[in-house]
Amino acid sequence: MAQRSIAIAGGGIAGLACAALLARRGERVVVFDRMAAPSAIGSGLILQPVGLAVLDEIGLAARMRSLGAPIRRLFGRAMPSNRVVLDVRYRALGGGAGEGLAVHRGALFEALFDAAREAGAEMEGGREVTGARDGRLTFAGGAVSPRFDLVVDALGVKSPLARHTPLPPLPFGALWCNVDWPDGPVAAPFDPNALEQRYEAARKMVGVLPIGSLRAGEQRQAAFFWSLRHADLAAWRAAPLDAWRQQALQLWPQAAPFISQVTNRDQLIFAAYCHGTRASPASPGMAHVGDSWHSASPQLGQGANMALLDALGLACALEANRDISLALDAYCRSRRGHIRLYQLASWMFTPAYQSDSRAIAFVRDWLMAPLSRVWPMPKILAALVAGSIGSPLSAIEATRDG
């Protein structure tokens, strides 16, 4: 069977997952990335059961479990009332349906990079992709690649290959950093297997996520984050760092062991988010994966998991169909329903945790929170967080089976 040539534009999570899965299936894969050497930017993320299933397919789930922190609960309180307004437990799924796994983004990146290289994917760094035409990529400076049978766009929400009006950022983003997980009695108030958050209405949010270690034997860490409006970013940068620390401590005094580790403004990276979906994830000779197809706020913790599912869906569709146009049609069918569902859910949930609306925050605290504890809502919310609503793995498996 003739080997097909596949160019992957972008060496992030989506691109590297595609590279590993496609190269393992015997395709010739070349990954082009603007970075001269591989690197990952970001803090922590939660791999949901659906994402871990894809890593199992690649052969990385055991490696990530050895580094990450199992997550069994998502928990949040509104302040100053101390009222519980978020409490999602994976055990509500029943039947040993699994749990989340919080990991350092860099650990996932390194694992996927190693897997792609070991599977035979070629890496070309220092290649800033600016366009694509007739199976060829163009690069900054005017260079053009050889022709490929398929181009995979994994360049993210600002991809120059997506050909759509740039998405405006959501009003709220977040400041992120990694800090050490504290030892001794000061760690006692914190659950090492939970994402914990505190809110002031929906205007302010502070959170702590245990993410395990970047590499074996290294210090366990946590991702610490603070919600921030885009419009307030310049003022935050101009104000003394101590003023921000006092705000964070006022909202969540018990988080002092984490907040005290933020001693330099450069530790905090501002992450902006967009919400939108391309009308089609494919065009002749090109497939879009991850954020270049669909992007959303991080409220449901699905970004990396969606990228992994896209990669598996594309790989299975290409495995089942030698004709690339038929494979791309199958890829679209396998992923479109799940993505639409989660895009809608993200759009609905985001204002409840990041917005200026007191009314929405009131509804969250006094209506949504009590209803979330009434059967069957605990199981539905756990399934939503786990990424399993819409049965994405079954839809992909159906593609594999033809």
message = I'd like to check something: does region 167-179 contain any residue that is farther than 22 Å from Ser227 by Cβ and either surrounded by fewer than 21 Cβ atoms within 10 Å (Cβ to Cβ) or touching a Leu at 6+ places or on another chain (Cβ under 7 Å) (or both)?
response = no
task = At least 2 residues that are within 22 Å of Leu47 (Cβ to Cβ) in each: list the helices (runs of 4 or more DSSP H) lying fully within region 268-385 that qualify.
result = 303-320, 324-353
message = Scan region 206-223 and tell me whether some residue there is part of a strand (DSSP E or B), within 23 Å of Met368 (Cα to Cα), of a type in the set (Val, Ile, Thr) and at pLDDT 95 or above.
response = yes
task = Select, from Ala271, Ala174, Ala216, Ala222, the only residue that is touching a Pro at 6+ places or on another chain (Cβ under 7 Å) and under 21 Å from Gly106 (Cα atoms).
result = Ala222
query = under 28 Å from Ala216 (Cα atoms) and touching a Gly at 6+ places or on another chain (Cβ under 9 Å): does that describe Ala121?
reply = no
ask   = Is there a residue in region 38-45 that is in contact with a helix residue (DSSP H, G or I) (Cβ under 8 Å, 6 or more places away or on another chain), within 30 Å of Arg373 (Cβ to Cβ) and at pLDDT 95 or above?
value = yes
ask   = Any residue at all in region 162-181 that is free of Cβ contacts under 8 Å to residues at least 60 places away in the same chain and over 25 Å from Gly10 (Cα atoms)?
value = yes
query = Of all residues in region 182-216, which are buried (at least 18 other Cβ atoms within 10 Å of the Cβ), closer than 29 Å to Ser355 by Cα and either of a type outside the set (A, V, I, L, M, F, W, C) or without any contact (Cβ under 8 Å) to a residue 12 or more places away in the chain (or both)?
reply = Glu196, Gln197, Arg198, Tyr199, Lys204, Gly207, Pro210
remark   = Considering residues that are more than 21 Å from the chain's Cα centre (by Cα) and either in a helix (DSSP H, G or I) or more than 23 Å from Arg77 (Cβ to Cβ) (or both), the number found within region 155-203 is 9
ask   = Would you call Leu341 surrounded by fewer than 19 Cβ atoms within 10 Å (Cβ to Cβ), out of contact with any Lys or Arg (no Cβ under 9 Å at 6 or more places or on another chain) and within 16 Å of Ser283 (Cβ to Cβ)?
value = no
task = Starting from residues that are among the charged types (D, E, K, R) and in contact with a Lys or Arg (Cβ under 9 Å, 6 or more places away or on another chain), keep the ones in region 58-91 and report whichever is farthest from Glu118 (Cα to Cα).
result = Arg83
ask   = Where in region 35-141 are the strands (runs of 3 or more DSSP E), entirely inside, with at least 2 residues that are surrounded by fewer than 22 Cβ atoms within 10 Å (Cβ to Cβ) and free of Cβ contacts under 8 Å to residues at least 60 places away in the same chain?
value = 129-133, 136-139
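The values are calculated or read from the model by the stated rules, or taken from the named source; none is laboratory data. All figures in this text were calculated on a predicted structure; none of them were measured in a lab. Counting neighbours? That spans all protein chains shown, and the Cβs are built from the backbone with ideal geometry, glycine included.
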